[in-house]
Amino acid sequence: MILQALAFLIIFPLFPALLALVVKRGPLLDAVVWIGALGFAVAALTVAVGYWGSGAGLVLVPLEAPALDLLLLGLECLVLVFLFIRSLSMRSKGGWVPLLIAAQAVTVLYLDLGGALPKAVAPLALDHLGVLLLVVAGVVGALVALYAISYMKEERQHHPERPDRRGLFFFLIFLFLSAMAGIALSNSLAWLFFFWEVTTLCSYLLIRTRGDEASIKNADLALALNVLGGAFFAAGLLWLALGPGPKTGEVQALLASGRPALPVAVLLGLAGLVKSAQMPFHKWLLGAMVAPTPVSALLHASTMVKAGVFLLLRFSPLYQGTLPGQLLAGVGAVTFLLASLQAVGESDAKRVLAYSTIANLGLIVACAGIGGRDALWAGMLLVLFHAVAKGLLFLAVGSAEHRLGSRDIESMRGLLQRKRTLGTMMVIGILGMFLAPFGMLTAKWKVLEAMTAAAPLIAILVAFGSAPTLFFWAKWLGALLAVPPAPKPRLERTPPVELGVMGVLAAMTVAATLAFPAISGVMVAPYLARLFPAAPALDLMPLAAMLGVALAMLGLPLIFAASPARGQRQLAYLAGANAGHGFVNSLHEPQEARLHNYYLGSVLHPLKLDRAALWLGAGLTLAAALAGVLS
Amino acid sequence: MTPLLGALLYVVLAPVLGCLLAGADRIATARMQRRQGPPLLQPYYDLRKLMGKRGAEINGFQGYYLTGFLLFTAGAGALFFHGGDLLLVVFALTLGAVMLVMAAFSANSPYAHMGAHRELLQMLAYEPMLILTALGLYLATHSFAVSAIASAAQAPVLVLPGVFLGYLFILTIKLRKSPFDLSSSHHAHQELVRGLTVEISGGNLALVELAHWYENVLLLGILYLFLAPWGVAAALAGVALCYLLEVVVDNSSARLRWETALRSSWLVALALGGLNILLVPALQKGF
């Protein structure tokens, strides 16, 4: 029964994928996407709720199907051959990319056909960590797919000159969801690697969707770096087969074999670093922002990049208390600090979101590298909260971009007054990202508490990274909340489907904040109790204080809505007589008062930060790799 | 003293203490400038007068943000004197500060806009050291609970001299003293340095003042934690001395550029706070 359920989750999205390829456009495509997305979400939630309710720990699902293994191997070779051919035509320098792809193909064939790596007895497995990723992919994935129906239609209206590739687009989205389910549920390392490569393929093709010069260039960059990540993965498998450590083809068996498995875990962890865009490999995620917004929301914020940290969180028990683990955590913490600083200097909303995503993934990587009960708790909850809040923010920016014709934060000044509902969605998303008592900050609080004793240096880096996040979020929030003196021209309506999807995500952000202890108890705590049986019960007492703050925050607007307006309205002080939108200047002429945000360019030089990211990131990654291999 | 009583006493007495502190500050400042200075209760008279003014608002949202500023600042202090989690206190204080910044942003006027950014700059400058202070106190006493930190066996300042000095440094920013009073100086001679509150008047401005009194008592409370095990009298004397030092610095320095403020406070946080935190285990062995 469990086997069928898990197989269904991986295979089901392939049907809407293929149908989308056939139908291509029109109401029929909408219907396919609706049914496919809702079906996938319901299936994922059913499995998740059933699993949480059963009280089971780790469920291994044995399967003896040599034909299936052969089929997956064939498909994997197909994927690699496809990527190989595409990489040959890459325009920028990158002659090493086809070589790396070829090396991966040879490795896979050697390991699978040569029998160097034992076949997994239980290729699938179910546990709380996997279910967490599954739920994120299922729920956020379905919501973003629904949003994309409307968004891609608008995109088509705004750019009729571009070829209509909606069929291919939704094919890739559903193929990607299938691969995510595969990553969440695979216990076989060979299967995991296959799904890993499929997400690389989907990401590469989705970034190219728009087909213009910038898209192709950035898709190539994403391909090159993710191929490098794949090579780390292959190297890990090769080490497993040829090295002195344990001989197994299963993730869980690898975890159970303890310290001897560390080199393999570190090599796989490096693959995770690339996938979750940690420095110095972060450039591809910034480039990926050229893709349509639903792609950014789904692949590059809420799910695919989470596959990277998922792998690191998976192997976190092996990293705990080791030098390579500390160095991996160092990569995450440095990424958190530098990416947050770089976000301060950006005015393009999507780039701010991209840097913030990189930073938050860094925080999760730091949790995984440090390990231990509390850090893992924070890391897993960050995965969940970040997926919901960041998904919401990306979608809100996408809708605002279509309304305003720009995604510059400067152009969003007063958005809350101009577009009440859309503005509210964006405000909730931003609050969810950085302000107490929302989930992200609550998790960050636990990160700091968990790390101070285990790794003070990492905690110091996180403390420094925390301040710039405050700066760039508050400045964005301030722009949205500004009350412009006079109404500006009306904006086009936001399509109801887009608002509906954002509404669900916003409700989830608020609900997750209020139901924090319950979510922790159902989705995360049992996993930690199994991993760390000796640890005392989680201290959730301060969370009660957080909940109090949450209620105060929600209650305050109600009190204000009920009380009568206070005082008379006055005009802003402009050191001169007010005139329309501005003031009368010293030549007695009306002068418009213009506002502009601070970007701190004189202190935070983007180039210097880039260089620091490259050297620090590369140095720490290299050190982690060396320490891992030598351990 | 039970935890609940501590929180209640703070909520009731902090405005009184904060008011007296502000009055004493003004007298001390005046004496340093060879002036007589206002009566001790002048800040209270000012507050009464502000509250009696007819309200004039630039939009209907400022009252909401400023009430939030007051509530969350007082809430942070209540949590502190309740003996709660110090890191949460810091976060709640930040939440209050963000509300104040939003009140300025919502005005959408150039001076308020600049004031809001300069306040954010100040937050960017002091936030790392504020968090490091909480982390340092945890490492010294093995607890984030204020109640446990206050009843530590030895004074945390002994193992945290760097963190203590770093906290004093950013206290200058938090107390809005020169040379770091970029967004809201006590001496409002230019709109630029008073931009944060330039669009706030009457009862709303009274809320800001009141919140500052709550905030200052909380900030000195954190300072007190470093010295607590030495007994109430000695610790209070130490806190008073530190405050006097802040007043001296305020009166003897000119305002710095924001770049200098930012760079110097991060450098201090890193060199004094960060280094000290890494050395805590070694320092503890020394005792």
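A few notes on this one:
- Between segment B:1-79 and segment A:598-631, the alpha-carbon center distance in angstrom: 45
- Using the Karplus relation 6.51 cos²θ - 1.76 cosθ + 1.60 with θ = phi - 60°, the per-residue 3J(HN,Hα) values for segment A:620-631 come to 5, 4, 4, 4, 4, 4, 4, 4, x, 5, 7, 6 Hz, with x marking Gly and Pro.
- With Cα atoms as the point set, segment B:210-272 shows a radius of gyration and Dmax of 14.3, 40 Å.
- Qualifying chymotrypsin sites (Phe, Trp or Tyr not before Pro) for segment B:143-226 [loop in DSSP, other Cβ within 10 Å: at most 16]: none
- Label-point gap, in nm, between A:Leu514 and B:Leu256 - each point 7 angstrom along Cα→Cβ: 4.6
- Contour excess over end-to-end distance, with Cα ends at A:Val81 and A:Lys247 and 0.36 nm allotted per residue: 56.9 nm
- Residues A:Leu457 and A:Ala65, FRET efficiency given R0 of 41 Å [Cβ-Cβ distance, rounded to 0.05]: 0.30
- Label-to-label distance, B:Val248 versus A:Val522, with points set 7 angstrom from Cα along the beta-carbon direction: 6.0 nm.
- Calculated FRET value between B:Leu165 and A:Asp164, using beta carbons and R₀ = 51 Å, to 0.05: 0.20
- Split chain A at each of the GluC sites (Glu not before Pro) in a DSSP loop with at most 13 other beta carbon atoms within 10 Å, and the longest piece is A:162-491.
- For chain B, size of Cβ-based charge dipole, Lys and Arg +1, Asp and Glu -1, in debye: 560
- Summing Lys and Arg as +1 and Asp and Glu as -1 over all other residues whose Cβ lies under 15 Å from the Cβ of A:Val108 gives a net charge of -3.
- Between the alpha-carbon centres of segment B:95-112 and segment A:366-390 there is a gap of 32 Å.
- Euclidean distance between Cα centres, segment A:491-518 to segment A:215-274, Å: 36
- DSSP-loop trypsin sites (Lys or Arg not before Pro) across segment A:1-110, with at most 16 other Cβ within 10 angstrom: A:Lys24, A:Arg25, A:Arg91, A:Lys93
- For chain A, the longest principal axis of the C-alpha atoms and the axis of helix A:439-454 are separated by about 60°.
- Cα gyration tensor shape for segment A:430-543, rounded if a/c is under 1.5, else prolate or oblate: oblate
- Rounded to the nearest 20 debye, the dipole size of segment A:315-452 about its Cα centre is 420 debye, using +1 on the Cβ of Lys and Arg and -1 on the Cβ of Asp and Glu.
- Modelled label reach - A:Leu630, point 7 Å along Cα→Cβ, segment A:297-339 residues with backbone N closer than 20 Å: A:319-331
- Each residue of segment A:66-80 is assigned a 3J(HN,Hα), and the resulting list reads x, 5, 5, 4, 5, 4, 4, 4, x, 4, 4, 4, 4, 4, 5 Hz, derived from the Karplus form 6.51 cos²θ - 1.76 cosθ + 1.60 (θ = phi - 60°), x at Gly and Pro.
- Only alpha carbons enter this Debye calculation for chain B, each as an equal point scatterer, and the log10 of I(q)/I(0) it gives at q = 0.09 Å⁻¹ is -0.42.
- Exposure proxy ranking, count of Cβ atoms within 10 Å, fewest first, for A:Tyr573, B:Tyr45: B:Tyr45, A:Tyr573
- If R0 is 22 Å, the Cβ-Cβ spacing of B:Gln154 and B:Lys285 corresponds to a FRET efficiency of close to 0.95.
- Gyration tensor verdict on segment A:8-56 (Cα atoms; rounded if a/c is under 1.5, prolate if a/b is larger than b/c, oblate otherwise): prolate
- Rounded, prolate or oblate (a/c below 1.5 giving rounded, otherwise prolate when a/b exceeds b/c) for segment B:20-157 by Cα gyration tensor: oblate
- Potential extension, A:Lys119-A:Glu589 segment - 0.36 nm per residue separation minus Cα distance: 161.1 nm
- In a fully extended conformation the segment linking B:Leu192 and B:Leu40 would gain 51.9 nm over its present Cα-Cα distance, using 0.36 nm per residue.
- Distant-in-sequence amide H partners of A:Ala515 (H built 1.01 Å from N, under 5 Å): none
- Extending 7 Å from the Cα toward the beta-carbon at both A:Leu18 and B:Ala233 defines two label points whose distance is 8.8 nm.
- Per-bin percent of Cα-Cα distances, the protein assembly as shown [20 Å]: 14, 46, 31, 8, 0
- Backbone phi angles across segment A:45-61, fed through the Karplus curve with coefficients 6.51, -1.76 and 1.60 (θ = phi - 60°), yield HN-Hα couplings of 5, 4, 4, 5, 5, x, 5, 4, x, 6, x, 6, x, 8, 10, 8, 10 Hz in residue order; Gly and Pro are listed as x.
Throughout, read-outs are computed from the coordinates displayed, never taken from laboratory work. None of these values were measured; they are calculated from a predicted model. Backbone-built Cβ (ideal geometry, glycine too); neighbour counts: all protein chains shown.
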